[in-house]
Each structure stands twice: as C-alpha cells, then as structure tokens.
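Asker: Please read through the structure below; I'll follow up with questions.
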Amino acid sequence: MASTPQMSGVLPPTTKPAELEYGGDEVSALVLDPGTGTTRCGFAGEDTPKTCVPTSYGIVPDPEEQKYFGKLKIGENPINSVVEGMEIRNPMSEGIVENWEVATEIWRHCIEYRLSSRLEEHPLLVTEPIWNPLKKREKTTEIVFEDFNAPAYFLVKSAVCESFANSKPSALVVDMGHAYTSVTPVIDGIPLRKGSERTTLAGQHLTNQLRHQFSEMGIRMAPWLTLKGKTTYTDLAAAPPLRTKDFGFQPHQSFLDLQQDRFIHEFKECVSETWPEAKTFPADINNLPDNFRGIADKAFEFPDGYQRRFGIDRFLAPESLFNPSVSPKAITGDLPKGIAEMIKDSIDHLDADIRANMLNNIVVVGGTSLLYRINERLNHELMTMFPGPRVKIHSPGQIPERKYSAWLGGSILASCGAFHQLWISKQEYDEVGANIIERRAK
C-alpha cells in the first residue's frame, strides 16, 4: 500500500522554499504585507510569513546621523530595549506610508536581514489598502525598482488577498486590524471603492480605551521592563511601593507607552470579551440589574503584582467597537459609526442584485477579530439589521490564517502559474515610469 505523504516541517527563516516559475525562469517570489502594527514578509507558496516585524521603530538622537537625525532601531528586540533618549515612532498611519525613508529601511530589514534574501533576485508582491492614493502607489513602485532593483513587481489590494485566502472570489471583507477596521466589497477579484468603509475603531482604539479604564480604576501602569520585581496584592488602597529599576535616566514616554501596550495586549487576549447580544449591554455597569449579576469573572495580574477579577467591566472597551458612545474614554468630535453599522452602510451602497451574495459571504479577518465572541456579536447585529437575507460570516479557525490573511492571499496569488503574466518588469518601468502601476494594477 502506498505510504501517505507527510507534512514537511517548517523551514528555517534562511531556507528558501521550492523554486517557483516566473516568465520561464525559476525564481521564488517574495510577498510583503506592510501594516501599521506589523510588517509581514515571506516566500510565495508558503502558508505563513517567514518574518513579522513591528512597524514601529526607535530613533536615538545622534548629531552624527544626519539622514534620520538619529540612529534607527528596527525590530522586536531593539525597540524593546531601554536606550537613553530613544523615541518610538511609526512611519505609517492607517495603512498609508508617511515616512518613506524609514519604511524603506524596515522593508529592507525584513527581506535582506530577516530572510537573508537579495532583493534584486526576486519578484516582489506588495499589498496595499484600497484607499492608498495614486502618489503613494507610484512612490512604492519607484522604491521597489530604484532602491531595491527588483526584477519584477506587483501591487495588490489587501481585501482581494484576504478574499482569496478564504477561497472567496467574491466577498464582503471586514478587516479588523491594529489601526483601522475596513469593509471592502470584492466582486470576482475586483475591489469596489463604492461600498468601501473604514474606521479607527480597531486594536489601537481598544488599547487606548483600556489604558484609560485602568487609569480611572487607579491601577498602576508600570511596565514589566521597568520593575525589579513584584509583590502580590489585591487591595489598591494597600498597594506596596513599586520596586523600579534605576536606569540612570528617564525613558522616553513613547517607549513607556509601547511597554504598557504589551501587557494591555495580553489583557485583551486573556480577559476582554465581546458582549454577545446587540442593544442589551447595561447602560450603567456600576448599577447592574439582577439578571446581569451572574456573569463569570476573569482574573488578571498586572506587572506590579496587583491581582483583580474583572466582571462586566471587561466587556466595556470591546463594546465601544459596536457602540462608540459607551467608550471608557470619551471620543472627541463626531462619534464614528460602529462596525455593524459600517457594514450596513457598505451593503446599502451596493447594487441590490449583489447584496444577498455579499451578506452570504462576509469574511472577517485581522488580529482584532480574535477578540472572544466578536463574530457571534457581529452575526447577531447583522441578523437584526437584515432579517430577510441569509447572513453568513466566514472567519478562519486558525489564528495565523486570521492574523496574516492578507499575506497568505498574496502568497497564493504570487504562486499561481498564471500570475506571472501580471508582473510588472523592470524594463516596463524604465520605459513608462512609476505611472505604469495605475495602468497595470488599478
């Protein structure tokens, strides 16, 4: 009897996968998925990115460094090391590059340092949000060919990749990421700007809301990295003195905020939960009706040793994703639309004959979509809004598939046999210029 093929182990970061075909030549394409939270990169044809690097970077003042007015610190370990004067910044805002010089260095770090690959030897596929303006798209094209000297390149919408990663040529893609949540209709692999929506109610919003909520509770927000040790306690009124490390200088506030984000992120993963039903969340969590008093508590220990059990208050920050008016920290200006309302607006902007198909193919991806019971809540709200059509939410069960869905879709596309016809070559760029991206990849 023939033996069953076994799954091979995960290749080390410096090992290339089986060679792919590009224009008759055997080469392996690279897939780069830059985001505001992290930048993902790897080889086409694989099911997870080889490397995932924080997009935030550190800048250490140095008068001898004229290019960036300081030394750059790129990568997980460098930006989480205590360095005097180091400020944490981000070259992107809502998925759009704002600082091209630093973004280029981060991309180069991912490919040349983390993957040990030469940029000039591989075609490069890069993802982008649907609202990326033309000037930014042309700048990306210029960097890939002028700075990286890539032999071929293509720019593809993230929503298309996420749709393909979930085996859906047509879908309503809800991407709940770090800096924004977007809703994008995709029809036969073509994203529609007409029904696209986005909001800042996403991962960083949750982090900021929880930071404010903890501060209002009187919880000390000392990060792990600044403490010598911890003493376990449960009464804030009898909190022991903090045992902090003496660095000989005061770390920059942006660095301390980054360290706070790390344990708040752990809280989101372990304790935070989405209220499952629409319009039943209590108006005042300090005066709960009797039917809300049986909610199970979840315990969490803060870096300084404070232990607390969270009940209904652990639902408050996630509730602001659907009902921004209950945000622990009041939102200034006009209230944004909740996620379910944003999906409804997107559907309403579409032609009537494709709305049912979109409601039946809602793809929910992104790191924030891992929040416990969020799909259950989303389904409940959409069923209330659309009682007639069938609402069906598709979301990958595996965590990497949901977090890296855009990269995975790019990996699938770049490894397709027919995709080599879409690559933009260096020769075509030299003949036409950066504007070729608008002609070939709209």
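Nothing in this text is a laboratory measurement; each read-out follows from the coordinates by a stated rule. Note that the structure is a prediction, hence the values are computed from the model and not measured. Backbone-built Cβ (ideal geometry, glycine too); neighbour counts: all protein chains shown.
Asker: Taking H placed 1.01 Å from N in the peptide plane, check which residues at least 5 places from G37 or on another chain put their amide H under 5 Å from its amide H.
Answerer: H178, A179
Asker: With Cα extents along the principal axes in Å in mind, check [x] 69, 53, 45; [y] 70, 55, 41; [z] 71, 65, 61 and report the label derived from this structure.
Answerer: Given [x] 69, 53, 45; [y] 70, 55, 41; [z] 71, 65, 61, the calculated one carries the label [z].
Asker: Okay, next question. If you plug each phi of segment 116-123 into the Karplus form 6.51 cos²θ - 1.76 cosθ + 1.60 with θ = phi - 60°, what whole-Hz ³J(HN,Hα) values come out, in order, with x for Gly and Pro?
Answerer: The phi angles translate into 6, 10, 8, 4, 6, 9, 10, x Hz.
Asker: I've got another one for you. For F386 and R309, calculate 0.36 nm times their separation in residues minus their Cα-Cα distance, and state this gained length in nm to one decimal.
Answerer: The F386-R309 span can extend by a further 24.0 nm.
Asker: Let me ask something else. Out of residues 5 or more away from G70 or on other chains, whose amide H comes under 5 Å of its own, with H placed 1.01 Å from N in the peptide plane?
Answerer: Sorted by chain and number, the residues that satisfy this are D62, E65.
Asker: Using θ = phi - 60° and the Karplus curve 6.51 cos²θ - 1.76 cosθ + 1.60, what whole-Hz ³J(HN,Hα) does each residue of segment 201-214 get, with Gly and Pro shown as x?
Answerer: Whole-Hz 3J(HN,Hα) from phi for segment 201-214: 6, 8, x, 5, 4, 4, 4, 5, 5, 5, 4, 5, 4, 5.
Asker: Taking a label point 7 Å from the Cα of R262 along the Cα→Cβ vector, which residues of segment 102-136 have an amide N closer than 18 Å to it?
Answerer: none
Asker: Here's a follow-up. Cβ neighbours within 10 Å, averaged per peptide: list 347-360, 223-236 in order, most packed at the top.
Answerer: Most protected by this proxy first, the peptides run 347-360, 223-236.
Asker: With each label point set 7 Å from Cα along the Cα-Cβ vector, what nm distance links I331 and K135?
Answerer: 2.8 nm
Asker: So what J values fall out for segment 358-375 if you push phi through Karplus, 6.51 cos²θ - 1.76 cosθ + 1.60 with θ = phi - 60°, rounded to Hz, Gly and Pro as x?
Answerer: My calculation for segment 358-375 gives 5, 5, 7, 9, 8, 9, 10, 9, x, x, 5, 5, 7, 4, 4, 6, 5, 5 Hz in order.
Asker: Report the local net charge at G433: Lys and Arg +1, Asp and Glu -1, summed over other residues whose C-beta lies under 9 Å from its C-beta.
Answerer: Spelling it out: positives minus negatives among the neighbours equals -4.
Asker: What FRET efficiency, computed as 1/(1 + (r/R0)^6) with R0 = 41 Å and r the Cβ-Cβ distance, is obtained for D47 and H212, rounded to the nearest 0.05?
Answerer: The value I calculate is 0.60.
Asker: A further question on this structure: What relative contact order, as a whole-number percentage, does segment 89-209 give when Cα pairs under 8 Å and 6 or more residues apart are counted?
Answerer: Computed value for segment 89-209: 18 percent relative contact order.
Asker: Anything over 24 Å Cα to Cα? Flag those among K135/K157; K298/K329; K136/K337; K67/K139, in the order listed.
Answerer: K136/K337
Asker: Long-range amide H contacts for S117: which residues qualify at under 5 Å (H placed 1.01 Å from N, peptide plane, sequence gap of 5 or more or a different chain)?
Answerer: Distant-sequence amide H within range of S117: E112.
Asker: In a shell of Cβ-Cβ distance under 11 Å around R402, excluding R402 itself, what net charge do Lys and Arg (+1) and Asp and Glu (-1) give?
Answerer: Here the charged neighbours net out to -2.
Asker: Tell me, how many Å apart are the Cα centres for segment 303-332 and for segment 384-430?
Answerer: 33 Å
Asker: Can you pull the one-decimal nm distance between simple spin-label points at R220 and S116, each 7 Å off the Cα toward Cβ?
Answerer: 4.5 nm
Asker: If I take R0 = 30 Å and measure r between the Cβ atoms of E142 and C416 in this structure, what FRET efficiency does the formula 1/(1 + (r/R0)^6) give, to the nearest 0.05?
Answerer: 0.70
Asker: When the chain is fully extended, how far beyond the present Cα-Cα distance does R439 get from C270, taking 0.36 nm per residue of separation?
Answerer: Extending this stretch completely gives an extra 56.2 nm.
Asker: Rank P34, P318, P63 by mean-square fluctuation in a GNM of the chain with C-alpha springs under 10 angstrom and give only the top-ranked residue.
Answerer: P63
Asker: Which residue fluctuates the most in the chain, going by a Gaussian network model with Cα springs under 10 Å, if the choices are M383, M92, M176?
Answerer: The residue that fluctuates most here is M383.
Asker: Full-extension gain between E76 and E301, please, as 0.36 nm times their residue separation minus the C-alpha to C-alpha distance.
Answerer: 78.6 nm
Asker: Mind checking which of V31, H178, T226 is farthest towards the positive end of the chain's charge dipole, using Cβ charges of +1 (Lys, Arg) and -1 (Asp, Glu) about the Cα centre?
Answerer: T226
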